[in-house]
1. For region 238-314, report the translational diffusion coefficient in µm²/s to the nearest whole number, using Stokes-Einstein at 10 °C, 1.306 mPa s, and a Kirkwood Rh over Cα pairs.
2. Please state the charge dipole magnitude for region 213-313, taken about the Cα centre, from unit charges on C-beta atoms (+1 on K and R, -1 on D and E), reported in debye and rounded to the nearest 20.
3. Quick check: convex hull over the Cα atoms of region 362-516, volume per residue in Å³, rounded to an integer?
4. Computed FRET efficiency, Cβ-Cβ of residue 289 and residue 106, R0 45 Å: what is it to the nearest 0.05?
5. Report, by chain and number, residues whose modeled amide H sits under 5 Å from the one on residue 180, excluding near sequence neighbours (fewer than 5 apart, same chain).
6. In square nanometres and to one decimal, what's the mean projected area of the convex hull around the Cα atoms of region 168-284?
7. Round to a whole number: what % of the accessible area of region 236-322 belongs to carbon and sulfur, probe 1.4 Å?
8. If packing is taken as the average number of other Cβ atoms within 10 Å across a peptide's residues, how do 283-290, 464-471, 183-190, 537-544 rank, most packed first?
Amino acid sequence: MKYVLVTGGVVSGLGKGVTASSIGVLLLACGLRVTSIKIDPYLNTDAGTMSPFEHGEVFVLDDGGEVDLDLGNYERFLDTKLTRDNNITTGKIYQSVIDKERRGDYLGKTVQVVPHITDAIQDWIERVAKIPVDGKEGPADVCVIELGGTIGDIESMPFIEALGQFSYRVGPGNFCLIHVSLVPVLNVVGEQKTKPTQHSVRGLRGLGLTPNILACRSTKALDDNVKEKLCQFCHVPAENIVTLYDVPNIWHIPLLLRDQKAHEAILKGLNLLGVAKEPDLEEWTTRTDLCDMLHEPVRIAMVGKYTGLSDSYLSVLKALLHASVACHRKLIVDWVPAGDLEDVTANEAPDVFKAAWDLLKGADGVLVPGGFGDRGVQGKILAAKYAREKNIPFLGICLGMQIAVIEYARSVLGLADANSREFDPETKTPCVVFMPEGSKTHMGGTMRLGSRRTYFRVTDCKSAKLYGNASFVDERHRHRYEVNPDMISQLEDAGLSFVGRDKTGHRMEIVELPSHHFFVGVQFHPEFKSRPGKPSAMFLGLLAAASGQLEKFMQNNGQVSKVMSNGTSNGYSVVKAVQNGSRIKSSNGALNGVYSNGNGNGNGVHLH
């Protein structure tokens, strides 16, 4: 097994996750099998209990693992299925060591950070690296490890010590360290400054790790004299210094690395030059170029409560992008804070209220993503009502599906007090109820999590057609509440159709309004299995409906045209029923920074 370690220096938010994912893509293109591990030095056992404002979205895996959003990067870029153990946290490591101590495994020993914690980290990496994640037999050829945080952080010290020991454990020719650092340009002098990277590398070397490759983040390509200075002071060969400069779309990053021969430096460090082939990125290049050339816009209003940080809905943004490229449309996302649509905002801030409604009314489609808590719920209900009454394409995910049902019960059935027990535990008309298997005392890992099967009870429906007329689909879930099964007959008699259910038939998974152009709610999170070139069926339906192409895609059973290297369509690539789903950081001008003025965010998505 070969290992590539990606670390970061100077500041956080440089794009280590995108870099690690892109390195994986490059190695895959060289004919190697790749797996990924993300190390998060925080004390939480997993990401499940953290607010999206704290650490971005919680990404959910097939096995129910609630993990860092960078694992979403890896899955999307490498088209793999990772496990919860591919995300290592300080909490998991300390818990495993303390459990061993309580069992008596260390009987007679003083349990210490070195060697017990550091050994546990190394053993975990070796064990998880051998788990196949690409559907093939046997372990991968290369494991790409990303160390979260910044070199010098006190919380990551045990991991740095463990990785230093690990490089000696696996031996020379089996370990390659890539250090991502910042080369800023000061506006006053307009010169690329190398001192921050010099200090970062010096700190890294002082901790026992020596970088083989420097990946330098900057606004433009490094000047030759800057490379020479880095080469001299950081003791890294000039050919092993690559620039990750700002690009319009993060799909360019693997191409950027290839063009600078990064794969050769990595393969040389891993003694794989004679084994690997030249990277074949033709399909990736074609898709990247297509994304850059799209000009006909499609506007999607994203109505949520965490709109202040786009990381909160990262996988949703990516799924929208994948679907928009399949529809040959330029995606424009209009952020609509749900609370701004409510009457209380009309009284307190009428200008904000008007701006939010103007965005909603100007959209080609409406998306209400998942969420927790009652803040902004009334605004989401109003958005669903507007989309339903005005025949605007609508997709509700998880909570978005539940509020669509509540809105229908209130507006069509006339049940004014219809609500969810999550928001009003005493409601007399509970459209949404707490699931019996959930826990009301422990929050972490107690939801209905991971891949679950949904069976289509109605075959002649939009969802089934978009999934290729499949009889069932496997999608990932993360919820504590569900649509009240006791109200289903009443809702269906009034026109709603619960076309997808679990194997018992009592848990609602997909709801449609047959009389509507496209009004769909799903209890699962389809965004987690969307991939570049393999868009999620539900997101494809929303974007196709919003761009006037829904009938075409449904006639082709959810197939998307496969764009060849000459830019023309040739044949179809099926969106599989059992599908296989990069990180944006809010940083000004960074590799994947978000621009709230709509000038782009390095992801091919325009955010307003």
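1. Numbers: Rh = 15.7 Å.
Rounded to a whole number, D works out at 101 µm²/s.
2. On the way: 11 positive and 15 negative charges, 83 e Å.
Dipole of region 213-313, to the nearest 20 debye: 400 debye.
3. 119 Å³
4. Approximately 0.20, to the nearest 0.05.
5. Here 7, 8, 9, 215 satisfy the definition.
6. 8.5 nm²
7. 51 percent
8. 537-544, 464-471, 283-290, 183-190
The values are calculated or read from the model by the stated rules, or taken from the named source; none is laboratory data. Predicted model, so just to flag it, every value in this text is computed and none were measured. Every residue, glycine among them, receives a Cβ derived from its backbone with ideal geometry; neighbour counts consider all protein chains shown. Side chains are part of the model used for accessible areas, which takes the heavy atoms of the whole protein and leaves out ligands, DNA and RNA. Shrake-Rupley method; radii C 1.70, N 1.55, O 1.52, S 1.80 Å.
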